[in-house]
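Heads up: the structure comes next, in structure tokens.
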Amino acid sequence: MFWVQFFSRHASVQKILAISCVTRRTSKSVKHGRSVCLRSIFFNSVKYYPTKLVLGIETSCDDTAAAVVDDTGKILGEALHSQNEVHLKTGGIIPPVAQQLHRENIERIVKETLYVSGISLDELSAVATTVKPGLALSLGVGLEYSLKLVDKYKKPFIPIHHMEAHALTIRLINQVEFPFLVLLISGGHCILVVAQGVSDFLLLGQSIDIAPGDMLDKVARRLSLTKHPECCRMSGGKAIEHLAQQGNRLHYELRAPMRHHRNCNFSFSGLCFNATRIIMQKEKEEGLQEGHLLSCVTDIAAAVQHAVALHIVQRTHRAILFCIKSGILSQTNATLVVSGGVASNQYIRRALQIVTDATNFNLLCPPPRLCTDNGVMIAWNGIERMRAGLGVLHSTDGIRYEPKASLGIDISEQVGEVAIKVPSLEVSLNELATINL
Ligand code: KG4
Ligand code: ZN
């Protein structure tokens, strides 16, 4: 403080002080290939001394992301490079291409993150990096880079489970106490878990084949939506959501899968197959070859989105009822957290809201930029682990990435054995289709 008062009397030095304070005081989130967003952080004093500062690094799939988060949940800075546009052109993620793009961008992304955070590597308490699950070649880039960093700067290393990080992101934004129910829906995952602690999860159900985002991406590709002027740069799921708003879902009948299986597992490949059959039939009727835009893309998008929403809602409804019936959750812990890339879909969120309203649950979703892959959730999971004293390593000998990794204790069979019949919310869900979102 003396330092500030002394220099503040000198106008020229005041200016330098202001600049150095601004770098500390203002946190920017820099995104490449996606929109840029800013987040300002206000401090009461000039010098800022958080107890813990974690750099998070994420490269599990097709986003190279980093962020610095402190132990109060403040995001000091973040940066992200999305490979989405490249993979859209090739019709899906080609792992060696993803690996190469991670290699080309990781150093720049980490440097930008530290720059906007106003934090030097020496000031970090630890480096947290996704090591599982994900694409082997992608995970390898983040891990190799991180290990060099922690070795050079003598920092603790925190290996992060990508799905645990998604599940706990909400605690950075809202005060949510354990236990709570989490639905993770993305391009690679579809799971229902109860988060009981930082590293303590119960798995209620998961997809037995593909994830909903993967299914939406496949249907969008089959519909050639990158050729549609309104959504040529959108991910498949986003494109389906966008077009569905202009369509009528009732023009095509796509039923929710697994309605007679009273468990919390999911399946999306049958839905993908049925949607493809409709597309092929329409191509025949319109005399079009595959690769050309159908006149009815909006109606097909609406029908697909509704069927996905219905399936997700039915499984989630059963999970809520199971948790209450078995005493895993009580009305005081009645929270459903929804995250992952598909959770940014407003139609699916509204459908889930109908279920949580009917069961007196509180529905919480991180903002869309924290639902998709990002560095903030990894850094935050590092903070959670530091606080809980879990998995903070001072030696990185033997650390490996794991492309496949389950989440929590699997109790999905018990859920199936209880076989709860889910009451129909068909009327409310039907109204969804007529609401202009
Ligand atoms: O969580 P995420 O960024 O990456 C992983 O898969 O881990 O999710 C990406 C997925 C993609 O499949 C994308 O099509 C889907 O999320 N997605 C959406 C929306 N935005 C992204 N799906 C439905 N509606 C959206 N608005
Ligand atoms: Zn993810």
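Some observations on this one:
- Once the gyration tensor of the Cα atoms in the range 296-437 is diagonalised, the equivalent ellipsoid follows with semi-axes of 32, 21, 15 Å, ordered largest first.
- Fully extending the segment from Arg221 to His261 would add 11.5 nm, taking 0.36 nm per residue of separation and subtracting the current Cα-Cα distance.
- Most tightly packed first, judged by the mean number of other beta-carbon atoms within 10 Å of their residues, the peptides 313-324, 216-227 read 313-324, 216-227.
- For the range 98-211, with +1 on Lys and Arg beta carbons and -1 on Asp and Glu, the positive-most of Ala136, Ile109, Ser199 along the dipole: Ile109
- Both radii come from the Cα set of the chain: Rg as radius of gyration, Rh as Kirkwood radius; their ratio Rg/Rh reads 1.01.
- Mean accessible surface per residue for the chain, computed with a 1.4 Å probe while every protein chain stays in place, in Å²: 45 Å²
- Solvent-accessible area of Asp397 with every protein chain in place, 1.4 Å probe, in Å² to the nearest 10: 130 Å²
- Taking each of Lys89/Lys404; Lys89/Lys218; Lys52/Lys155 in turn, the alpha-carbon distance tops 18 angstrom for Lys89/Lys404.
- Dipole of the chain [Lys/Arg +1, Asp/Glu -1 at C-beta], most positive-end residue of Leu364, Pro159, Ala67: Ala67
- Computed from the C-beta positions of Asp357 and Ser269, the FRET efficiency with R₀ = 51 Å rounds to 0.95.
- Qualifying aspartates and glutamates (Cα of each under 13 Å from Cα of Lys154; at least 8 residues distant if same chain): Asp122, Glu123
- Cα-based shape type of the range 86-184, given that a ≥ b ≥ c are square roots of the gyration tensor eigenvalues and the cut on a/c is 1.5: oblate
- Along its first, second and third principal axes, ordered by size, the range 51-139 spans 44, 23, 20 Å in Cα coordinates.
- With viscosity 0.692 mPa s and temperature 37 °C, the Kirkwood radius over alpha carbon pairs of the range 311-383 converts through Stokes-Einstein to a diffusion coefficient of 249 µm²/s.
- For the chain, the share of accessible area belonging to carbon and sulfur comes to 53 percent (1.4 Å probe, ligands and nucleic acids excluded).
- For peptides 278-284, 350-356, 419-425, 82-88, sequence by mean Cβ density within 10 Å, most packed first: 350-356, 82-88, 278-284, 419-425
- Taking the Cα centre of the range 111-179 as origin and assigning +1 to Lys and Arg Cβ atoms and -1 to Asp and Glu Cβ atoms, the resulting dipole is close to 140 debye.
- Magnitude of the charge dipole, the chain, Cβ model with Lys/Arg +1 and Asp/Glu -1, debye to 20: 920 debye
- In straight-distance terms, cross-link reach from Lys421 covers every one of the aspartates and glutamates whose alpha-carbon lies under 17 Å from its own, apart from those fewer than eight places away in the same chain; here that gives Glu413.
- Calculated log₁₀ intensity ratio I(q)/I(0) where the Debye formula runs over C-alpha points of the range 347-412, q = 0.12, 0.16, 0.26, 0.27 Å⁻¹: -0.58, -0.93, -1.16, -1.16
- Take 164-174, 244-254 and order them by the average number of nearby Cβ atoms within 10 Å per residue, most first; the result is 164-174, 244-254.
The values are calculated or read from the model by the stated rules, or taken from the named source; none is laboratory data. The structure displayed is predicted, hence computed values, not measured ones. Note that we place each Cβ from the backbone using ideal geometry, even for glycine, and neighbour counts take in every protein chain shown. Calculation scope for accessible area: heavy atoms of the full protein, side chains included, ligands and nucleic acids excluded. Shrake-Rupley method; radii C 1.70, N 1.55, O 1.52, S 1.80 Å.
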